[in-house]
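Trainee: Below you'll find the structure I mean.
FYI, it's all coordinate maths here, none of it is from the lab. Since this is a predicted model, take the numbers as computed values, not measurements. Methodologically, a virtual Cβ is constructed for each residue, glycine included, from the backbone with ideal geometry; neighbour enumeration extends over all protein chains shown.
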Amino acid sequence: MRKYLKSFVVLAFAVFVVFGLVSRTFGYLSPAQTGKVQAVTTKDIYFRNCARCHGVDGKGDTDLGRKFDIPDLVLEAKRMDSSRIKRMIANGKQDMPAFGKKLTKKQISALASYVKKL
């Protein structure tokens, strides 16, 4: 019995070592686990939170954009001042969710500037 337990422990350890090496090689571990932290850009924030509805180019030509009749940000954002865009991002509007609890004020401000430049 003791021989089987020892074999099991050695095998389990080997599996964890191999998994760790494979995970690091193929990037399956999170940045916190690998110790590598990447800077999150405003473009990343836009892609993660806005692009599925507003589209990568901001024109709203996506399935969700058409479903919710999303306005073209390229045109609309140029007509609005930055403070109004920040409020819309933070508080949401109609079908648009609020991001005030998900994003920091600095991220919201940077996102508003990014949207104005689309």
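Trainee: Identify, please: which residue in segment 36-80 is surrounded by fewer than 12 Cβ atoms within 10 Å (Cβ to Cβ) and acidic (Asp, Glu) and is, among those, nearest to THR104 (Cα to Cα)?
Mentor: ASP44
Trainee: In addition: Taking the stated definitions as given, is LYS106 under 22 Å from VAL40 (Cβ atoms), out of contact with any helix residue (DSSP H, G or I) (no Cβ under 9 Å at 6 or more places or on another chain) and loosely packed, with under 15 Cβ neighbours inside 10 Å?
Mentor: yes
Trainee: Now for a different question. Please go through segment 81-95 and pick out each residue that is surrounded by 14 or more Cβ atoms within 10 Å (Cβ to Cβ) and not small (Gly, Ala, Ser).
Mentor: Matches in segment 81-95: ILE85, LYS86, ARG87, MET88, ILE89.
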